Ligand code: SF4
């Protein structure tokens with residue numbers, strides 16, 4: 001696995017530029033993911049890789065295409081100091097794990113091997129041995145992620161038919 | 001414990017006597033909105049989940065505004081998918097070319113948003129309707145799909161920052177300058193997960209169009225919503241538009257705020273944001289003189305009648321400078337008609353600007369004014385991110401309509417008072 005590390009305020013326009021929103025299929029979104037901030041990302045990313053961001057990751061537009069594009073690349077999760085709120089709920093709603101953990105962001109460098117336990121929120125930098133605890137999700141949110149997304153959880157609860 | 005205005009609205013929508021910051025609730029929705037970019041993804045999710053019907057065909061609005069009139073085959077296919085869905089589910093408030101406008105100008109104008117209502121939209125600038133004392137917030141396409149099916153959405157109850165407005169705006173200073181000043185002050189994540197609640201004696205002097213502009217850009221400070229108290233100006237605006245009952249909520253006197261900020265409106269100067277963040281603000285006095293190649297006047301932030309009046313006031317009897325393209329986009333058909341009736345459209349065209357049918361177009365680098373390599377634009381839109389309006393080397397300065405118009409006349413960033 002590889003680490004891709006970016007700074008603060010990674011916005012949805014660089015995660016997936018508007019010029020690609022007219023083709024919202026996963027393959028197309030994945031092929032342009034991060035294009036305006038990291039031209040090599042889409043061609044080098046592999047399943048299981050992790051994105052690290054600073055503060056306010058995913059700010060800007062409400063386009064769910066942004067977490068969809070990252071998820072479609074096979075990225076395992078995004079770890080950031082904080083997330084913009086629409087990106088945060090979009091990721092949860094599509095069942096894509098994101099972790100808020102400033103310590104891990106500062107304590108992980110590109111090239112490190114990292115393991116993540118979504119159940120406990122424990123992040124381990126295997127290269128340095130450092131352990132970090134991400135804020136756990138509230139139960140309600142966990143329910144959504146465990147069902148594989150909002151619509152599936154609403155169906156399971158019998159709220160959506 | 002006292003509740004903020006936002007908390008009171010959310011409590012009622014969740015059927016609870018009270019709520020507090022951080023609490024997760026499920027609220028009943030008064031309106032669910034989507035556009036031609038986010039609705040197709042919502043439709044895919046809706047159908048993939050095997051959902052068969054919408055909760056209330058009168059409480060869904062679908063507006064084809066981003067790439068319309070369609071700019072290419074793919075956007076035409078996305079619009080066709082929206083059209084088909086709207087027809088299948090007999091969606092009452094479906095706005096196609098000829099009836100559409102930019103969603104956040106259109107919905108209030110059509111009376112679809114009222115005080116105390118809870119509105120989600122698969123578009124980040126859905127927070128605009130807080131100007132009317134509604135709770136409205138941007139969500140993604142899955143939320144839209146779930147909202148259309150159930151009439152419900154989950155929310156984390158936000159804490160709030162109180163923004164006290166005192167004094168009165170001076171000439172050539174507008175709602176845009178208020179919100180850019182505030183974002184410059186607190187940063188693009190200064191209100192993350194929080195409400196921006198506006199209050200104070202300065203509110204009364206702000207026109208509704210200024211309040212819409214201010215709430216529109218609450219998201220640029222990371223806020224969940226922006227909200228204004230309901231006063232006589234609000235009620236005036238609602239007259240003839242909203243005939244259903246609504247509730248004007250007020251914050252409790254002992255409501256808790258994480259922070260209080262006072263802005264003296266009379267001390268503000270025209271304010272602009274340089275690339276590549278809306279928080280990268282300067283007053284026009286500090287930044288004037290930067291050469292530009294394009295001016296865009298429009299968008300959900302500044303495409304309303306007051307904005308066009310201010311821009312026309314500057315352009316009337318003057319000419320757009322050689323080497324500058326000035327693009328004016330009224331936000332709705334009604335605003336377009338009003339601007340024609342007042343002679344503003346003629347003012348623009350005589351000055352050498354172009355006037356387009358309502359569309360988001362250049363605001364998101366879609367069409368109708370995409371920038372080329374290394375070009376600079378002054379734009380009344382809301383985002384100046386890398387690549388927002390063109391290639392990654394293009395640059396956007398966010399500004400008010402008056403500053404944008406003045407810059408069109410001189411070809412450099414200009415204080416309208418200096419003309
Ligand atoms: S005008 Fe711009 S910011 Fe507003 S809804 Fe359209 S694309 Fe979004």
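The values are calculated or read from the model by the stated rules, or taken from the named source; none is laboratory data. Computed from a prediction, not measured in an experiment: that's the story for all the values here. Here Cβ is always computed from backbone atoms with ideal geometry, including for glycine, and neighbour counts include all displayed protein chains.
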**Report entry** residue A:159 being farther than 29 Å from residue B:137 by Cβ and either part of a loop (DSSP other than H, G, I, E, B) or more than 13 Å from the chain's Cα centre (by Cα) (or both)
**Finding:** no
Query raised in the report: Going by the structure shown, is residue B:407 within 16 Å of the ligand (Cβ to nearest atom), closer than 26 Å to residue B:309 by Cα and more than 14 Å from chain A (Cβ to nearest Cβ)?
Result: no
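Here's the yes/no breakdown for (1) within 14 Å of another protein chain (Cβ to nearest Cβ); (2) more than 13 Å from the chain's Cα centre (by Cα):
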residue: B:124; (1), (2): yes, no
residue: B:154; (1), (2): yes, yes
residue: B:163; (1), (2): no, yes
residue: B:182; (1), (2): no, yes
residue: B:212; (1), (2): no, no
residue: B:215; (1), (2): no, no
Requested in this report: Filter segment B:348-358 down to residues that are assigned to a loop (DSSP other than H, G, I, E, B) and on the phi < 0 side of the Ramachandran plot and give me whichever is farthest from the ligand (Cβ to nearest atom).
Outcome: B:353
Query raised in the report: If residue B:110 passes every condition in (1) more than 9 Å from chain A (Cβ to nearest Cβ); (2) in contact with a helix residue (DSSP H, G or I) (Cβ under 7 Å, 6 or more places away or on another chain); (3) within 16 Å of residue B:209 (Cα to Cα) but one, which one does it miss?
Result: (2)
**Report entry** Single condition residue B:192 does not satisfy, out of (1) away from the ligand (no atom under 16 Å from the Cβ); (2) surrounded by fewer than 24 Cβ atoms within 10 Å (Cβ to Cβ); (3) more than 23 Å from residue B:4 (Cα to Cα)
**Finding:** (3)
**Report entry** Lone qualifier among A:160, A:80, A:47, A:104 - being touching a helix residue (DSSP H, G or I) at 6+ places or on another chain (Cβ under 7 Å) and either at pLDDT 95 or above or more than 14 Å from chain B (Cβ to nearest Cβ) (or both)
**Finding:** A:80
**Report entry** So residue A:95, is it in contact with a helix residue (DSSP H, G or I) (Cβ under 8 Å, 6 or more places away or on another chain), within 16 Å of the ligand (Cβ to nearest atom), in contact (Cβ under 8 Å) with a residue 40 or more places away in the chain and on the phi > 0 side of the Ramachandran plot
**Finding:** no
Report summary line: Within segment B:373-384, the residues that are within 14 Å of another protein chain (Cβ to nearest Cβ) and away from the ligand (no atom under 12 Å from the Cβ) are B:373
Query raised in the report: If you take just the helices (runs of 4 or more DSSP H) that sit entirely in segment B:242-346, which of them hold at least 2 residues that are within 16 Å of the ligand (Cβ to nearest atom) and buried (at least 16 other Cβ atoms within 10 Å of the Cβ)?
Result: B:299-302, B:305-315, B:333-341
Query raised in the report: residue B:77 versus (1) within 14 Å of another protein chain (Cβ to nearest Cβ); (2) touching a residue at least 40 places away in the same chain (Cβ under 8 Å); (3) away from the ligand (no atom under 16 Å from the Cβ): which is the lone unmet condition?
Result: (2)
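Look through A:79, A:15, A:3 and report the one residue that is surrounded by fewer than 21 Cβ atoms within 10 Å (Cβ to Cβ) and under 13 Å from the mean Cα position of the chain (by Cα).
Being surrounded by fewer than 21 Cβ atoms within 10 Å (Cβ to Cβ) and under 13 Å from the mean Cα position of the chain (by Cα) holds for just one of A:79, A:15, A:3, which is A:3.
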Report summary line: Per the filter on segment A:25-37, residues buried (at least 16 other Cβ atoms within 10 Å of the Cβ) and either over 28 Å from residue B:368 (Cβ atoms) or within 16 Å of the ligand (Cβ to nearest atom) (or both) are A:30
Report task. Determine which single condition residue B:187 fails, assuming it passes every other condition in (1) in contact with a strand residue (DSSP E or B) (Cβ under 9 Å, 6 or more places away or on another chain); (2) within 14 Å of chain A (Cβ to nearest Cβ). Result -> (1)
Query raised in the report: Going by the structure shown, is residue B:159 within 13 Å of another protein chain (Cβ to nearest Cβ), closer than 28 Å to residue B:205 by Cβ, surrounded by fewer than 24 Cβ atoms within 10 Å (Cβ to Cβ) and in contact with a strand residue (DSSP E or B) (Cβ under 8 Å, 6 or more places away or on another chain)?
Result: yes
Query - Matching residues, segment B:359-371, being touching a strand residue (DSSP E or B) at 6+ places or on another chain (Cβ under 9 Å) and more than 10 Å from the ligand (Cβ to nearest atom) - result: B:368, B:369, B:371
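For the subset of segment A:125-140 comprising residues that are modelled with pLDDT of 85 or more and surrounded by fewer than 18 Cβ atoms within 10 Å (Cβ to Cβ), which member is nearest to the other protein chains (Cβ to nearest Cβ)? Spell out the reasoning first.
First pass over segment A:125-140, keeping only residues modelled with pLDDT of 85 or more: A:125-134.
The next check asks that each one be surrounded by fewer than 18 Cβ atoms within 10 Å (Cβ to Cβ); those that pass are A:126-131, A:133.
Working: A:126: 30, A:127: 30, A:128: 28, A:129: 31, A:130: 26, A:131: 26, A:133: 19 Å.
Once the filter is applied, the top-ranked residue is A:133.
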Report task. Name the one entry in A:108, A:98 that is farther than 25 Å from residue B:122 by Cα, in contact with a strand residue (DSSP E or B) (Cβ under 7 Å, 6 or more places away or on another chain) and crowded, with 21+ Cβ neighbours inside 10 Å. Result -> A:108
Query raised in the report: Is it true that some residue in segment B:17-37 is surrounded by fewer than 23 Cβ atoms within 10 Å (Cβ to Cβ) and free of Cβ contacts under 8 Å to residues at least 12 places away in the same chain?
Result: yes
Report task. Please state which one of B:176, B:87 is within 15 Å of the ligand (Cβ to nearest atom) and more than 9 Å from chain A (Cβ to nearest Cβ). Result -> B:176
